[in-house]
1. Can you name every residue in the range 72-101 that is without any contact (Cβ under 8 Å) to a residue 40 or more places away in the chain and in contact with an Asp or Glu (Cβ under 6 Å, 6 or more places away or on another chain)?
2. Would you mind stating whether G228 is touching a residue at least 40 places away in the same chain (Cβ under 8 Å) and assigned to a loop (DSSP other than H, G, I, E, B)?
3. Condition first: out of contact with any strand residue (DSSP E or B) (no Cβ under 9 Å at 6 or more places or on another chain) and either under 30 Å from G478 (Cα atoms) or basic (K, R) (or both). Now tell me which residues in the range 348-400 satisfy that.
4. Quickly run through the range 278-322 and pick out the residues that are of a type in the set (S, T, Y) and either more than 23 Å from A430 (Cα to Cα) or modelled with pLDDT under 95 (or both).
5. Considering every residue within the range 483-490, establish whether at least one is among the polar types (S, T, N, Q) and either in a strand (DSSP E or B) or over 22 Å from K388 (Cα atoms) (or both).
6. Look through I443, I463, I447, I471 and report the one residue that is under 24 Å from E329 (Cα atoms) and in contact with a Lys or Arg (Cβ under 6 Å, 6 or more places away or on another chain).
7. For I106, which of the numbered conditions (1) buried (at least 16 other Cβ atoms within 10 Å of the Cβ); (2) closer than 23 Å to L350 by Cβ fails to hold?
8. If we only count strands (runs of 3 or more DSSP E) wholly inside the range 111-158, which ones have 2 or more residues that are free of Cβ contacts under 8 Å to residues at least 24 places away in the same chain?
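The values are calculated or read from the model by the stated rules, or taken from the named source; none is laboratory data. Quantities reported herein were computed from a predicted structural model and do not represent experimental measurements. In this analysis, Cβ positions are derived from the backbone assuming ideal geometry, glycine residues included, and neighbour counts consider all displayed protein chains.
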Amino acid sequence: MKHFSLCLAFGLPLMAADPVESDFYKITTFETPKETAMEVGAIDLLPDGRLIMGTRRGEIWTVSGAGSSDPSAVSYKLFASGLHEVLGIAYNPKDKNIYATTRYEITRLQDVDGDGRADVFDNVSDAWGVSGDYHEYAIGSRFDKAGDLWVTLCLTGSFSSVTPFRGWALRIKPDGTMVPTCSGIRSPGGLGFDAEGEVYYADNQGPWHGSCTLQHLVPGSFQGHPGGNEWYALAPNMGGRPIDPSPENYQGDNKRREARQGGDPGRMVKERQRIKQLLPPAVYLVHGKIGNSASAIICDTSAGKFGPFMNQLFIADQSHSNLSRVFLETVNGIKQGVVFPFRLGFASGLIGGRMDGEGRIFTGGSDRGWGARGGKPYCFEKCEWTGKTPFEVHEMRAKPDGFELTFTQPIDPKTAGDLKSYSMREFTYAYREAYGGDEIDEILPTIIAAEVGAEGQSVRLKISPLTKGHIHELHFEGVRNRAGHPLLHTVGYYTLNEIPAK
């Protein structure tokens with residue numbers, strides 16, 4: 001408003017305001033049935049275009065018309081009720097039934113008479129323990145490429161494991177057989193797949209987790225929290241129990257340190273050398289900046305219908321009521337990558353989410369228990385691309401001596417090649433038993449060069465030092481596109497688990 005007034009006063013030409021998130025991605029908030037609190041916990045797609053949604057209240061609803069441009073076209077039908085907290089829902093194309101992950105079991109629901117209501121409820125698997133503690137959530141997946149369902153089980157009270165397999169990821173085979181698959185889980189909030197079918201879960205800040213994280217679920221791996229490791233005795237397929245991480249309550253060096261070649265290895269790097277099964281987080285979802293309570297993991301498999309981010313992941317957050325965007329790569333056999341802010345402004349805390357084939361993200365959740373920035377007690381919403389391409393960093397890839405950035409639009413070579421357009425800091429979190437933690441061991445590297453690619457849509461940054469195990473926070477406020485506009489989001493956080501070989 002001040003800029004507008006000054007232009008009028010001095011007769012200056014008016015300039016268009018810089019774009020905002022809603023110019024590119026529109027959020028539609030749907031009215032939900034008045035007879036229920038639609039606390040969406042999980043969403044899947046049905047072959048006829050309807051959605052199937054499970055809720056924290058133990059209900060399952062089918063939803064029609066949510067893909068329409070008219071929000072009033074949406075309609076709901078109760079499919080089932082009386083379950084215990086549905087935080088996983090999956091349609092099985094083979095038997096055409098619905099599978100719900102509840103706190104205590106995976107339930108197969110059949111609509112035998114075709115009236116749109118479940119008639120038969122079968123227990124497929126209940127091969128894990130439940131104590132009655134409020135925090136013993138069970139987050140379920142859709143069917144993976146082998147036809148299995150995955151379940152991640154929160155620790156008791158999110159601190160310890162008092163019943164079998166709390167703090168584990170399990171696979172449930174089509175015949176109901178349970179296969180212990182990964183240990184070391186703390187407090188999962190979401191479970192999903194990338195475009196190749198690899199499985200990930202989102203863990204939340206707490207003991208042994210300085211921040212929320214995106215974690216790659218590799219069978220046989222230890223994900224970092226030792227609370228559930230006593231159940232290796234019930235999992236002979238997993239081999240020997242991992243060495244527990246050191247109980248050292250490491251605080252790190254909170255003093256700013258000038259760049260020096262190599263930096264200092266953090267606790268996670270050191271513990272990876274000791275504990276062969278320990279797999280580091282693929283991406284730290286930096287606490288307070290990206291979110292505070294990571295949940296749904298949504299992959300863009302729409303082949304461009306959601307904009308320029310095909311095959312990238314979108315991570316929901318319950319506390320911040322937002323979506324963030326993740327680009328992943330594999331370096332030395334380990335997943336790692338970068339997280340960018342993406343879209344603020346959802347009405348409540350996001351828990352469940354799913355993208356359809358037309359590139360529409362359907363999501364929803366609640367603020368019950370923790371509160372959420374959105375302000376409403378629960379919501380069901382849609383996020384879709386407007387057709388306008390935002391100016392963003394598309395990918396950030398690690399190189400032996402820095403990073404390569406690609407952009408969604410052609411860049412202005414002068415600003416993109418100017419070292420003053422960028423700044424970087426490196427930090428980590430202490431891998432320790434105490435709850436959460438500050439950003440520590442800060443390093444201020446030197447950006448030596450910014451080389452614009454010949455195609456005019458990439459930049460190669462040479463940086464010294466790169467620090468294995470640190471999060472590399474890169475700001476690019478000075479970069480402009482050919483039209484002179486800044487980037488929509490001007491920061492990315494890259495988790496450098498491995499440095500590529502030269």
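1. Answer for the range 72-101, where residues must be without any contact (Cβ under 8 Å) to a residue 40 or more places away in the chain and in contact with an Asp or Glu (Cβ under 6 Å, 6 or more places away or on another chain): just S81.
2. No; evaluated as a whole, the condition is false for this residue.
3. Correct list: G387, K388, T389, P400.
4. T301, S302, S321
5. The answer is no; no qualifying residue exists.
6. I443
7. Evaluating I106 over (1) buried (at least 16 other Cβ atoms within 10 Å of the Cβ); (2) closer than 23 Å to L350 by Cβ leaves (2) as the failure.
8. 120-125
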